[in-house]
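Some notes on the structure that comes next.
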Amino acid sequence: VGLFPAMLSGLSGDELLSGAGFAVSKCGTEDLLQNPAYLFGAINYLLYRKGKRSVVMLPYSDRLYRTADWFRQLWAESLGKRVNLKKEVVHVGPTPIKALGVTDQHSQVQLYVEGPFDKLFAFLEVESFSETVPIPPFEKPDPTTDYLAGKSMNRLISAEKKATELAMTRHERPNVTFKFPVVSEFTLGQIFMILEIATAYTGRLFEIDPFNQPGVEEGKLATYAFMGREGFQEKRKLIEDELNSRKIYQV
């Protein structure tokens, strides 16, 4: 679904597919420590069982911020399930959260470092940015900022990521890092495929079906009924009867 609009926007479909194919070759081994998708899925599953019910994706690159959005939809829609494969009611699913480093270090990291022990953190780190943004000398000498002169924003972002990772690790907050040599169609194809395979693996570990979305379908059908779609008249009547029978406390 996403390949065609990606190509329309000027991205290389061949490179995206090449990256995805490379990821598949890395995710076929049964060696857990050499299989990035299975390892990520296993970490999520085991930590979920130990009370880490949320996974926070922290990209340290504006160009990867929407990747965290995409991951939220993939993880939530695939793994949030009421029943397992045996049709037993289980209500499972880790909650995906997105945050942008460095920006959200100043709005969320206090919670992440010292708050409840209920999260896993997944950093997205870029080793080589497409552009270098130098930090110029300041007009007036100031020991609080002089040390930055001559360095780059690229180096500062990398340092902030390492510092946040260090703080989290010191406070026993489990975290993993996906490293991008560069942000390109090839590396994006890799991360998309790795996370998709990881989703399938994790669904297997939870013993649920990661390929359906009954909770979403229920809302779609109700929307059709509310909007008067042909064939949904009876469903609308049932919904209205249900709503009229409810006791609602309104402020």
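The values are calculated or read from the model by the stated rules, or taken from the named source; none is laboratory data. What you are looking at is a predicted structure, and each value in this text was computed from that prediction instead of being measured. Please note: Cβ atoms are built from the backbone with ideal geometry, for glycine as well, and neighbour counts cover all protein chains shown.
Can you confirm whether the range 68-91 contains a residue that is at positive phi and at pLDDT 95 or above? Yes, the range 68-91 has at least one match. Scanning the range 3-61 for residues that are hydroxyl-bearing (Ser, Thr, Tyr) and in a loop (DSSP other than H, G, I, E, B) returns 9, 12, 29, 60, 61.
None of 83, 56, 24, 90 is in contact (Cβ under 8 Å) with a residue 60 or more places away in the chain and buried (at least 17 other Cβ atoms within 10 Å of the Cβ) except 56.
Of the helices (runs of 4 or more DSSP H) contained entirely in the range 177-251, those carrying at least 2 residues that are over 19 Å from the mean Cα position of the chain (by Cα), free of Cβ contacts under 8 Å to residues at least 60 places away in the same chain and surrounded by fewer than 20 Cβ atoms within 10 Å (Cβ to Cβ) fall at 214-226, 233-245.
For every residue, the table says whether it meets (1) touching a Pro at 6+ places or on another chain (Cβ under 7 Å); (2) hydroxyl-bearing (Ser, Thr, Tyr); (3) within 24 Å of residue 201 (Cβ to Cβ); (4) modelled with pLDDT under 95.
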residue	(1), (2), (3), (4)
54	yes, yes, yes, no
60	no, yes, no, no
111	no, no, no, no
126	no, no, no, no
141	no, no, no, yes
144	no, yes, no, yes
158	no, yes, no, no
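The condition of being assigned to a loop (DSSP other than H, G, I, E, B) and of a type in the set (A, V, I, L, M, F, W, C) holds for only one of 129, 121, that being 129.
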